[in-house]
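**Q** A single structure is presented below for examination.
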Amino acid sequence: ELKVEQNPLFLSMQEGKNYTIYCNYSTTSDRLYWYRQDPGKSLESLFVLLSNGAVKQEGRLMASLDTKARLSTLHITAAVHDLSATYFCAVDRTNFGNEKLTFGTGTRLTIIP
Amino acid sequence: DAGVTQSPTHLIKTRGQQVTLRCSPKSGHDTVSWYQQALGQGPQFIFQYYEEEERQRGNFPDRFSGHQFPNYSSELNVNALLLGDSALYLCASSRDRGRNGNQPQHFGDGTRLSIL
C-alpha cells in the first residue's frame with residue numbers, strides 16, 4: 001500500500017526566513033502534486049512534477065522531485081504572511097495521470113510577522 | 001469559466017440516514033473523483049468515474065456509491081450514515097488520462113457533512 005508522509009506536520013516561521021517541507025512516498029511513482037489549502041477552503045494546485053529531477057518555481061515557492069529517493073521538497077524563500085496555509089503533497093501511483101491520488105498528512109504552515 | 005461546483009455546501013444528518021452529494025465538473029473535464037477529508041487529515045480517495053462507470057475505488061465500504069451522468073456531473077451517495085462519516089467531501093475533476101496533458105485535478109469547495 002502506498003504511503004505518503006510529510007514533515008514537519010506543523011511549522012511556525014518568521015517572515016523573511018527560508019524553510020523546506022519534505023514529502024516521502026513508499027512506492028515508485030513519477031507523478032507528484034503539491035496543493036495548498038486555506039482554512040475551510042478547497043485545494044488549490046501549486047505544482048505538478050512529472051519526472052525525476054523536475055523543478056518548478058512560482059514566486060517564493062519552489063518544488064522538486066527525486067524519484068530515486070522517493071522524495072519531493074517544497075522550499076519557501078523569504079516567507080510572507082500570505083503563505084500561511086496547509087500544504088499537501090499527493091502521489092499518483094498509476095502513472096497515467098489524474099487518477100487515484102494518495103495524499104500526505106499535510107503541513108500546517110504559520111508565518112509570524 | 002466555472003470551476004468545479006458542489007452542492008450542498010453544508011449538511012447535517014443523523015446516524016442511519018442516507019445522503020446524496022452532487023458535483024458538476026469544470027468545463028471540458030470528463031472525469032470526476034471523490035475524496036473524503038476528515039478534520040486535520042489529508043483527503044482520502046473514495047472513487048473515480050469516467051464514461052458513467054466507476055473506474056477506480058479506494059478503501060471505502062459499499063455504503064459509499066456513486067453515479068456519473070451523461071453531462072459528466074456526478075453524485076456521491078452514502079447509506080446508513082455513521083458518526084465517522086462526518087467530514088468534508090471533495091469532488092475533483094480532470095480530463096481523461098489520454099488527453100489530460102498532465103494537468104492537475106481541480107477541486108471543488110466541498111460539502112461539509114456532519115453526522116449527529
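**Q** Mind listing just one residue for me: the one in segment A:54-71 that is open to solvent by less than 50 Å² (accessible area, probe 1.4 Å) and within 14 Å of chain B (Cβ to nearest Cβ) and, of those, nearest to A:Pro8 (Cα to Cα)?
**A** A:Ala63
**Q** Of the conditions (1) small (Gly, Ala, Ser); (2) out of contact with any Ser or Thr (no Cβ under 9 Å at 6 or more places or on another chain); (3) modelled with pLDDT of 95 or more, A:Ser42 satisfies every one except a single condition; which number is it?
**A** Looking at each condition in turn, A:Ser42 falls short on (3).
**Q** Moving on. Are any residues in segment A:85-107 more than 7 Å from every other protein chain (Cβ to nearest Cβ), open to solvent by less than 10 Å² (accessible area, probe 1.4 Å) and at pLDDT 90 or above, and if so, which ones?
**A** Across segment A:85-107, the qualifying residues are A:Ala85, A:Tyr87, A:Cys89, A:Ala90, A:Val91, A:Thr107.
**Q** For the condition open to solvent by less than 40 Å² (accessible area, probe 1.4 Å), within 14 Å of chain A (Cβ to nearest Cβ) and either in contact with a Ser or Thr (Cβ under 6 Å, 6 or more places away or on another chain) or under 23 Å from A:Phe103 (Cα atoms) (or both), what is the one hit in B:Leu90, B:Leu113?
**A** Result: B:Leu90 is the single residue among B:Leu90, B:Leu113 that is open to solvent by less than 40 Å² (accessible area, probe 1.4 Å), within 14 Å of chain A (Cβ to nearest Cβ) and either in contact with a Ser or Thr (Cβ under 6 Å, 6 or more places away or on another chain) or under 23 Å from A:Phe103 (Cα atoms) (or both).
**Q** Residues in segment A:13-30 that are open to solvent by less than 80 Å² (accessible area, probe 1.4 Å) and not in a loop (DSSP other than H, G, I, E, B): how many?
**A** Residues that pass the stated criteria total 6.
**Q** Out of B:Gln6, B:Gln41, B:Gln17, B:Gln56, which single residue is out of contact with any Gly (no Cβ under 7 Å at 6 or more places or on another chain) and in a strand (DSSP E or B)? Walk me through how you get there before you give the answer.
**A** Details: B:Gln6 fails: out of contact with any Gly (no Cβ under 7 Å at 6 or more places or on another chain); B:Gln41 fails: in a strand (DSSP E or B); B:Gln17 fails: in a strand (DSSP E or B).
B:Gln56 is the lone residue from the list that is out of contact with any Gly (no Cβ under 7 Å at 6 or more places or on another chain) and in a strand (DSSP E or B).
**Q** Out of all the residues in segment B:29-69, which are hydrophobic (A, V, I, L, M, F, W, C) and surrounded by 15 or more Cβ atoms within 10 Å (Cβ to Cβ)?
**A** Across segment B:29-69, the qualifying residues are B:Val32, B:Trp34, B:Phe45, B:Ile46, B:Phe47, B:Phe60, B:Phe64.
The values are calculated or read from the model by the stated rules, or taken from the named source; none is laboratory data. Everything numeric in this text was worked out from a predicted model, so none of it was measured. Note that we place each Cβ from the backbone using ideal geometry, even for glycine, and neighbour counts take in every protein chain shown. Calculation scope for accessible area: heavy atoms of the full protein, side chains included, ligands and nucleic acids excluded. Shrake-Rupley method; radii C 1.70, N 1.55, O 1.52, S 1.80 Å.
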